[in-house]
1. Under 14 Å from the Cβ of E197, count the other residues' Cβ atoms, weight Lys and Arg +1, Asp and Glu -1, and hand me the total.
2. In the stretch 12-224, carbon and sulfur make up what percent of the accessible area (probe 1.4 Å)?
3. Provide the packing ranking of 70-76, 99-105, 24-30, i.e. peptides ordered by the mean count of other C-beta atoms within 10 Å per residue, highest first.
4. With a length cut of 15 Å (Cα positions projected on each helix's long axis) and a Kyte-Doolittle mean of at least -1.0, go through the chain and give me the DSSP H helices that pass.
5. Please report the net charge: other residues with Cβ closer than 11 Å to the Cβ of N70, K and R +1, D and E -1.
6. Taking every DSSP beta bridge with both residues inside the chain, roughly what % is antiparallel (nearest 5)?
7. Report, by chain and number, residues whose modeled amide H sits under 5 Å from the one on G18, excluding near sequence neighbours (fewer than 5 apart, same chain).
8. Evaluate the relative contact order of the stretch 82-228 (contact order divided by residue number), counting alpha-carbon pairs under 8 angstrom at least 6 apart; express in whole percent.
Amino acid sequence: MKHPFETLTLKTARIPAGTIAMRDDRTGRRWLVKLPSFAIGCYPVTQAQYGEICGQWPSSHAAAQCPVENVSWIDAVRFCNLLSRAEGLADGYQIHDDETAASLIPGSWGYRLPSEAEWEYACRAGSNGPRYGELEDIAWYRDNSRGSTQDVGQKQPNAWGLYDTLGNVWEWCSDLYDPEVYGAYRVFRGGGWSDLERGCLASNRRRSHPTFAIDDLGFRIARSLEQG
């Protein structure tokens, strides 16, 4: 049964090629990632968009233009494949038989989740501080969210036209977090509506099982634009 809310277009921004310096505060590890140009959603995927593609409205706070939440990593992967098919593209992922894991299909131009390096590079948009602007101006977090997600696109975007990368909902990324220690756990980034100020940082890394879902965790889509 379709939800009556109107669906919005999944607008993307083209992100220029570049290099991002990554770090993990838990382990002290630091590394550089060179990235080719890619496309990423200007907004987190909304409930209306998720409902149109998947036929489901899983969010705890129901509102068409709020980010979809209560979606697991594997739910987000399925959305990416269904969106690719809806637009005449090949699947971006091969979903494994256990229905909890998936692998990127080499050479696919289909939709996928951003890598965490792509996510942070796009979030920072050339900035080097903990955030790309003043928190109150760019993010919904515990002090201003009124206890739930808010409609996407109301706060100021970063320099590359991306909204809500910090606050509103955490966002799943493609990557395994640390397979030797955490096994199948996947990365999510960005902070959410229930986080304190210290939770909404461009460098924060969190993780959970690919079947985990909660009311402040969503995702945005990405696509490769060149082979890299």
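The values are calculated or read from the model by the stated rules, or taken from the named source; none is laboratory data. Everything numeric in this text was worked out from a predicted model, so none of it was measured. In this analysis, Cβ positions are derived from the backbone assuming ideal geometry, glycine residues included, and neighbour counts consider all displayed protein chains. Each accessible area value is taken on the protein alone, full model and side chains, heavy atoms only, with ligands, DNA and RNA left out. Shrake-Rupley method; radii C 1.70, N 1.55, O 1.52, S 1.80 Å.
1. -2
2. Accessible surface attributable to carbon and sulfur in the stretch 12-224 totals 46 percent.
3. 70-76, 99-105, 24-30
4. 73-86
5. Here the count lands on -4.
6. Details: 25 of 27 bridges.
Counting only bridges with both partners in the chain, antiparallel ones make up about 95 percent.
7. Counting only residues 5 or more places away or on other chains, the set is L35.
8. 25
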